[in-house]
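Please read the structure below before turning to the comments.
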Protein chains: 4
Amino acid sequence: MGQPGRHPRGSEEFSRVVNFSDALFAIAMTLLVVGIEVPDLADSDSVGELADVLSDDLGSFISFVISFAVIGRYWLAHHGFFARLAAVDGGLIGINLVYLMFVAFLPFPTGLLGNFFENPLAIVVYALAVSAVSGMEVVLFRHAQRRRLFQREMPDEVFRWGVRLSLSPLIGFLVSIPLAFASTTLAVVAWFLPIPYQAFEDRRKPDDADEYL
Amino acid sequence: MGQPGRHPRGSEEFSRVVNFSDALFAIAMTLLVVGIEVPDLADSDSVGELADVLSDDLGSFISFVISFAVIGRYWLAHHGFFARLAAVDGGLIGINLVYLMFVAFLPFPTGLLGNFFENPLAIVVYALAVSAVSGMEVVLFRHAQRRRLFQREMPDEVFRWGVRLSLSPLIGFLVSIPLAFASTTLAVVAWFLPIPYQAFEDRRKPDDADEYL
Amino acid sequence: MGQPGRHPRGSEEFSRVVNFSDALFAIAMTLLVVGIEVPDLADSDSVGELADVLSDDLGSFISFVISFAVIGRYWLAHHGFFARLAAVDGGLIGINLVYLMFVAFLPFPTGLLGNFFENPLAIVVYALAVSAVSGMEVVLFRHAQRRRLFQREMPDEVFRWGVRLSLSPLIGFLVSIPLAFASTTLAVVAWFLPIPYQAFEDRRKPDDADEYL
Amino acid sequence: MGQPGRHPRGSEEFSRVVNFSDALFAIAMTLLVVGIEVPDLADSDSVGELADVLSDDLGSFISFVISFAVIGRYWLAHHGFFARLAAVDGGLIGINLVYLMFVAFLPFPTGLLGNFFENPLAIVVYALAVSAVSGMEVVLFRHAQRRRLFQREMPDEVFRWGVRLSLSPLIGFLVSIPLAFASTTLAVVAWFLPIPYQAFEDRRKPDDADEYL
């Protein structure tokens, strides 16, 4: 069976790419909770012992919330991206699969982060894994622009601004890698750098960007 | 890639929010069974030994059924809520993600409850987790009312009555928290309080509520 | 948020019940493989040792195939049932959730069967769990008939014949329960009894059944 | 409830087969990551120890990427195949379920491959499991051709060429089975043989194949 061709919005095939992506996102986000182990207790009725065990699990809870927020943010971006497409082609479907491979991988670095919150290498692996997703997001975006898959053709200025916005989470994650070896807390703080950066980019937004993005 | 805008019922984007939510609900409900461990037996052909092990698992079976019923009830409410929407906007999509985060978390407190049915803290963690879902349900409902996302504009009286109904499961769960320290069985009984309360609210239902809800 | 009302075929709400069911079926069927543990080996490169471990896992492979076939058969029946519906109502959605609870539970008895293929109690638990799914199938079918949810109203004779067909897997499973204590192999053979029974029913099929079923 | 009949493209029932397949593919692909265990560390803050453990996991990472690529390629072929269908019938739905059973099974041989990358038997089991998926793909393709389910009737020459293309991954996997006992690395290299073969077939492509495939 050959390569799929170009499938317009509204076709079963367009929907299928979207539904498949959503199922994969939903599973990756729900699997995160599987990483939080239900503890064993010496005295199963002891409130104090269960409280101790749960507070030891604090790293796991934090990494569950961070990862759900991170993957949820990518899902929002994926939703917004497909909302602007007029069609998908074989290339986009293939790139989307590679993108989803990195999304499907995220429960593993999330598990590392939950267990070894103060291990610099756990921070680095997590930051690299998430950066790969952001990188693939840009590849998707460029492909759609080059193959004119958007519903409205996007001016170059608006496209470049959109790419900078897509890359902004990368800044935080890449900056956090060297920082992790000094302080893992500082490294996690760096993950929030994109928020002020996005505010800065917002003021530089091309006048007509809202019509396309 | 930017924030999604307003997407009317019937668009691929409206469907996508619904399908993504359904996939996440379905996974959270199916993962509940993974929490019930298949036992190890000294004599794998012994009926008596397997019967003992299965009756020790009774707490796990009960918490599976309770949690499936609880999440299933939220799914029904989510289904009924979206059935009344004319459109989704970026805010609703974001709130829905936070709501789903609490749904995706439920297999963990379910596992706790299954293993430590008589531990008051397991009851408390479960009650808090489920209350968070009910709380987010009200946030979804208010957002839809404020942004006029419903197919038919809802009179304030009907809206307030709907909010009280959405909050009713919260009563049972919050009442159960102090009760858990006296008796975990009593606490679980308190979870059924919303049923008589809903019957009471049903008699106070605004005359025209059925047209909107 | 209240109870959902009646939703015709073609509405987002009708599709949602179907998609949610499909996601749950797909997860239950895929989770079956998680029950087959990847073994530990003393010498990880040894062909002989891996072959031994895999042949010990034979029961797990057989129960994976049986359960995939069993759940797949229910999915086919669910697909065929919904294909005949003109609408879903709140009652059908609720009954469908209870039906899906039993489907979601199946990976657990499948795991039991895989580990304790010669334990009569494992056979009994499996047979009861599957019988519950067949029982709920009939409840779904009756509800649809009573509330006139079918696209074409079904004559009573055809309806009763359809119920007998739906119940036929139950025969095999219920007969296998006492048999399991004599021989587990015989019990599993009994699960195939519905096949000749269905051939017998096929000859008694009402003349106009094909138009409705 | 009886066997489903013929359902044209655009019906709820056609979509359902597609959505169910996609959910199952997405879960099988996401479960692959569950096979990579989060390690235990003696010193949870030690970069060196975590690095050692992660490099021991290298086989798991490689088998995750290979399996994601393999299942992703089958999903692409499934997407392309259904894009050409005008309808599904009961036979196709049944064959599709058997096909999906082999897809759902793949996380198990992937786990074997990840843990025992240099065990010839792990290679053989993997190659056989993937060959079964390719084999079922051809069965799907033949059924659709015989029952005239394609949107455009396909000339025999084009059909035979499509079958050869579908079977090409089988070559690599079957060749790798004897090779595995000489060298597992060589066996894995053999899995890439279909790429030059497909280039060869591409030059023999019937002139009008692009109009049908």
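For this structure, a couple of remarks:
- Carbon plus sulfur fraction of accessible area for chain B, probe 1.4 Å, in percent: 58 percent
- Normalised contact order of segment D:82-213, rounded percent, pairs of Cα under 8 Å and 6 or more residues apart: 29 percent
- Among C:Glu153, D:Glu137, the order of accessible area from largest down is C:Glu153, D:Glu137, computed with a 1.4 Å probe on protein heavy atoms.
- Tensor-based shape of segment C:35-125 (alpha-carbon gyration tensor, a/c under 1.5 rounded, otherwise prolate or oblate): prolate
- Rolling a 1.4 Å probe across the protein heavy atoms gives segment C:86-174 an accessible surface of 33 Å² per residue.
- A point 7 Å from Cα along Cα→Cβ stands in for A:Pro196, and the other copies hold the same point at 5.7, 5.7, 8.1 nm, listed in rising order.
- Total formal charge among the other residues, if their Cβ is under 13 angstrom from that of C:His78, Lys/Arg +1 and Asp/Glu -1: -1
- Structure-based [θ]222 nm, chain C - -39500 (n - 2.57) summed over DSSP H runs of at least 4, per residue, nearest 500: -24000 deg cm²/dmol
- For D:Lys205, a cut-off of 18 angstrom between C-alpha atoms picks up these aspartates and glutamates, skipping any fewer than 8 places away in its own chain: D:Glu153, D:Asp156, D:Glu157.
- Spatially, segment C:52-74 and segment A:154-203 are offset by 48 Å when compared through their Cα centroids.
- Calculated label separations, B:Ser11, copies of the chain, 7 Å along the beta-carbon direction, nm: 2.2, 2.2, 3.1
- Teacher prompt: D:Asp40 distances to equivalent labels in other copies, 7 Å Cα→Cβ, nm: 0.9, 0.9, 1.3
- Rounded if a/c under 1.5, otherwise prolate or oblate - segment B:120-213, Cα gyration tensor axes: oblate
- Between chain B and chain A, roughly 3600 Å² of accessible surface gets buried, counting both sides and using a 1.4 Å probe.
- Peptide-level mean, for D:71-78, of C-beta atoms on other protein chains within 10 Å: 4
- Overall form of segment C:1-160 per C-alpha gyration tensor (a/c, 1.5; a/b vs b/c): prolate
- Ranked by the mean number of other Cβ atoms within 10 Å of their residues, highest first, the peptides C:141-149, C:127-135, B:102-110 fall in the order B:102-110, C:127-135, C:141-149.
- Net charge contributed by nearby residues that have their C-beta within less than 13 Å of A:Gly91 (K/R +1, D/E -1): +4
- Rounded to 10°, Cα long-axis angle of helix A:58-83 versus longest principal axis of chain A: 10 degrees
- Nearest to the axis that brings chain D onto chain B is this chain D residue, judged by its Cβ, with the distance in whole Å: D:Ala23, 3.
- Take each residue in B:157-168, count the other chain C-beta atoms within 10 Å of its C-beta, and the mean is 1.
- Other protein chain Cβ atoms within 10 Å, averaged over every residue that makes up C:102-108: 5
- Segment A:19-167 - charge dipole about Cα centre, Lys and Arg +1 at Cβ, Asp and Glu -1, debye rounded to 20: 1520 debye
- Under 13 Å, Cβ to Cβ, from D:Ile62 - net charge with Lys/Arg +1 and Asp/Glu -1: -3
- Taking Cα atoms only, the orientation of helix D:12-31 departs from the longest principal axis of chain D by about 20 degrees.
- Whole-number percent relative contact order across segment B:46-153, with pairs defined as alpha carbons under 8 Å at least 6 apart: 39 percent
- Using alpha-carbon coordinates, inclination of helix A:90-105 to the longest axis of chain A, degrees: 10 degrees
The values are calculated or read from the model by the stated rules, or taken from the named source; none is laboratory data. Values in this document were obtained by computation on a predicted structure and should not be read as measured data. Glycine gets a Cβ as well: all are built from the backbone with ideal geometry, and neighbour counts include every protein chain shown. Keep in mind that these areas ignore ligands, DNA and RNA; they rest on the heavy atoms of the full protein, side chains included. Shrake-Rupley method; radii C 1.70, N 1.55, O 1.52, S 1.80 Å.
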